[in-house]
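A quick write-up on the structure given underneath.
The values are calculated or read from the model by the stated rules, or taken from the named source; none is laboratory data. Please read these numbers as outputs of a predicted model, since none were measured by experiment. Heads up, the Cβs are rebuilt from the backbone with ideal geometry, glycines too, and the neighbour counts pull from every protein chain shown.
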Amino acid sequence: MNVAVIASADATWLGRWRTIPGIEACETTGRVWVRGPGAVAWDLLPALARFTSDQAGRLTPLGRRMPTERLPGGAWLPLAEFLRVRPAAAALPALHVAPIAWTVVPSESFRPAQMLVLPFAEFFTWGITAPSVRFKGLRFAVSADERTCVLGNLLPPLRGESWCVQDQIATPAGWELPRGITPPLVADSMRLRAGETALLHPDGSAERLPGEAFVDVTRSALRATAEGLVTPFHVED
């Protein structure tokens, strides 16, 4: 079995794995331990250390032959359950910042949208009945207030706020950056991390969307998200 340990601050990264069966997690002081099958892309995990585990729970660091420690004895939970009892992995924290002294302006030309923001209940109702072929290329994340951000080139035909996305920068449909201000300049000014997206609002505020909060749209992911919401939400069979 594969085992890795990551910093607790990086636990939100695990959101992209929450629908993969067989992954379990256990939190200790300042660390999150993760274990699961070898079929997962463990190299992508921001691991502090990686091991293989034998049936007795002894851990051998990768590249070595002798075990050096044991699995922690805390409560191991399936990853989806582990993420539900921690701060929401799909949280979209609002950071009201003004990276530089300007705001978005009305757009002079049409640009197709690549993001839709809408209530999760409406997205869930569509997704649980839509043909699975419509999910191709779509990813979603849900905030603590149940706003849902859906990313993709072929967005669902639902009412919501449409956004145009370019180089990690999203502006509302009908709005754009001022002339001479480019998305890479804004991304650099805001010090966006790889995979992170910034939503720039017309009032000058911004929200940052961590890339690890997004997962592919599948019915199982929709059901897992619905079951983890703070607000009671009925999931039909």
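Structural remarks
- Residue within region 35-42 that is modelled with pLDDT of 85 or more, basic (Lys, Arg) and out of contact with any Pro (no Cβ under 9 Å at 6 or more places or on another chain) present: yes
- Residue count for region 147-185, restricted to those that are among the acidic types (Asp, Glu) and surrounded by 18 or more Cβ atoms within 10 Å (Cβ to Cβ): 1.
- Identity of the residue in region 105-144, among the hydrophobic types (A, V, I, L, M, F, W, C) and over 18 Å from Arg159 (Cβ atoms), that ends up nearest to the chain's Cα centre (by Cα): Ala141
- Of all residues making up region 55-76, the number that are surrounded by 13 or more Cβ atoms within 10 Å (Cβ to Cβ), free of Cβ contacts under 8 Å to residues at least 60 places away in the same chain and not in a strand (DSSP E or B): 5
- Subset of region 137-181 (residues that are closer than 14 Å to Val117 by Cβ and β-branched (Val, Ile, Thr)): Val142, Thr148, Val150, Val165, Thr171
- Selection status of Pro157, modelled with pLDDT of 90 or more, assigned by TED's automatic domain parsing to the domain that holds Pro112, out of contact with any Leu (no Cβ under 9 Å at 6 or more places or on another chain) and assigned to a loop (DSSP other than H, G, I, E, B): yes
- In region 171-187, the residues that are among the hydrophobic types (A, V, I, L, M, F, W, C) and assigned to a loop (DSSP other than H, G, I, E, B): Ala173, Leu177, Ile181
- Some residue of region 104-127 being surrounded by fewer than 19 Cβ atoms within 10 Å (Cβ to Cβ), at pLDDT below 90, closer than 17 Å to Glu207 by Cβ and not assigned by TED's automatic domain parsing to the domain that holds Trp13: no
- Single residue of region 188-219 satisfying the filter (assigned to a helix (DSSP H, G or I) and buried (at least 21 other Cβ atoms within 10 Å of the Cβ)) that is modelled with the lowest pLDDT: Glu212
- Condition check for Leu222: at pLDDT 80 or above and not in a strand (DSSP E or B): yes
- Pairs meeting the criteria (first residue in region 210-225 and of a type in the set (Phe, Trp, Tyr), second residue at pLDDT 80 or above, beta carbons under 6 Å, at least 6 apart or on different chains) are Phe214/Arg139; Phe214/Ala141.
- Scan of region 1-47 for residues that are over 14 Å from the mean Cα position of the chain (by Cα), touching a residue at least 24 places away in the same chain (Cβ under 8 Å) and assigned to a helix (DSSP H, G or I), ordered by number: Ser8, Trp42
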